[in-house]
Amino acid sequence: MNDYICARPIHPGEVLKDEIEYRGISQRELATRMGVSYKMLNNILNGHRPVTDAMALMFEAALDVPACSLINIQSEYTLRAITQDKALAARLAKIRATVAAL
């Protein structure tokens, strides 16, 4: 069975939220620095929106957090979250069974 199922997905927003709290930067201040709305930033930091490639580059510019790290965390989060979908798991099992029969 896939090891993704056992691990709790960690959204990159959690990492970023910890980073800005550690630095003592408010979400409003960071949103202003980045030129994005507070609502968008807050949604990302709370895991309600993904960190896109463009946003990762903006975080890198604002916080010096490598964009590639944020993109990798987002990819892992997405994979781990989707593997918890029971309908998808059933569909994947059916595909594996079909391929095994060939």
*Out of Glu60, Glu76, which single residue is farther than 20 Å from Glu29 by Cα, of a type in the set (Asp, Glu) and either in contact (Cβ under 8 Å) with a residue 24 or more places away in the chain or touching a helix residue (DSSP H, G or I) at 6+ places or on another chain (Cβ under 9 Å) (or both)?*
Glu76
*How many residues, within region 30-52, are surrounded by 13 or more Cβ atoms within 10 Å (Cβ to Cβ), assigned to a helix (DSSP H, G or I) and of a type outside the set (Ser, Thr, Tyr)?*
10
*Is one or more of the residues making up region 74-91 surrounded by 12 or more Cβ atoms within 10 Å (Cβ to Cβ), over 17 Å from Glu14 (Cβ atoms) and of a type in the set (Gly, Ala, Ser)?*
yes
*asked:* If I go through region 53-73 residue by residue, how many of them are in a loop (DSSP other than H, G, I, E, B) and surrounded by 14 or more Cβ atoms within 10 Å (Cβ to Cβ)?
replied: 1
*If we scan region 48-57, do we find a residue that is at pLDDT 95 or above and charged (D, E, K, R)?*
yes
*Pairs only if they're at least six apart or on different chains, beta carbon under 8 angstrom, first in region 19-30 and closer than 22 Å to Ser69 by Cβ, second small (Gly, Ala, Ser) and at pLDDT 95 or above; list them, first residue then second.*
Ile20/Ser26; Leu30/Ala62
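The values are calculated or read from the model by the stated rules, or taken from the named source; none is laboratory data. Remember, predicted model here, so these are calculated numbers, not experimental data. Positions of Cβ are generated from backbone atoms using ideal geometry, with glycine treated the same way; all protein chains shown enter the neighbour counts.
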